[in-house]
């Protein structure tokens, strides 16, 4: 598996994955921070009751929900489509790497890319808040918790799109699902929690650590048990479907 993961990183160099990730996380940070420089928002920077950091986290959550499904779809599709070009699956099989092993290696490699990307994205948003002049002390707990869960949910959807990209050669389908997921993820932020729990992309809303209560933005505790159950279910399904891929001749 280590060698398979190393090969996936070699493919990333050819695919220029790093510039794509940097561009997308920079765009998310910029969109999340755009409202910081408006006059009305700047008036709240010294007011602890206005919760400027929680408001920024809520905006960040909305932008991440809008873009993360597309990011995971694009990364997984690009990383998998290379096997459909030529005889990638066959050449890998002759080297002892079955389709299932390749898919698991792709997920591991992309996870190692997503972790620093999500952390950097969060730090950029926090840095923008500090640069804009928020003087209320930052509570790092909700930000760290959201960053960790955003990474975990991104990995879960990477698994979905790797499997989809491996089984369906037309990559427009995988990317199209990602775009539809982005719409559902944002819409889930406006729906009751019980609805979000039954929509896979609703978990981008479920992991939110900030929300509206009584007309004010406050920090919230997400439903950790539901989120853990979703992640475990996705992991189990990915393990099953990739083992089934091992029995498919390519």
**Complete:** Expected single match for free of Cβ contacts under 8 Å to residues at least 60 places away in the same chain, buried (at least 21 other Cβ atoms within 10 Å of the Cβ) and either assigned to a helix (DSSP H, G or I) or at positive phi (or both) among 202, 176, 127 is 202
**Asked** Does residue 141 qualify as being assigned to a helix (DSSP H, G or I), closer than 16 Å to residue 55 by Cα and out of contact with any helix residue (DSSP H, G or I) (no Cβ under 9 Å at 6 or more places or on another chain)?
**Response** yes
**Asked** Within the stretch 8-17, which residues are in a helix (DSSP H, G or I) and either without any contact (Cβ under 8 Å) to a residue 12 or more places away in the chain or farther than 9 Å from residue 105 by Cα (or both)?
**Response** 9, 10, 11, 12, 13, 14, 15, 17
**Request:** Output the residue which, of all residues in the stretch 179-199 that are touching a residue at least 24 places away in the same chain (Cβ under 8 Å) and surrounded by 23 or more Cβ atoms within 10 Å (Cβ to Cβ), is farthest from residue 82 (Cα to Cα).
**Result:** 188
**Complete:** Given (1) out of contact with any helix residue (DSSP H, G or I) (no Cβ under 6 Å at 6 or more places or on another chain); (2) surrounded by fewer than 20 Cβ atoms within 10 Å (Cβ to Cβ); (3) at pLDDT below 90; (4) under 17 Å from residue 126 (Cβ atoms), residue 45 misses just (1)
**Message:** Conditions first: (1) touching a residue at least 12 places away in the same chain (Cβ under 8 Å); (2) within 18 Å of the chain's Cα centre (by Cα); (3) over 12 Å from residue 67 (Cβ atoms). Residue 33 passes all but one, so which condition is the exception?
**Reply:** (2)
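The values are calculated or read from the model by the stated rules, or taken from the named source; none is laboratory data. All of these numbers come straight from a predicted model, not from anything done at the bench. FYI the Cβ positions are ideal-geometry reconstructions off the backbone, even for glycines, and counts take in every protein chain you see.
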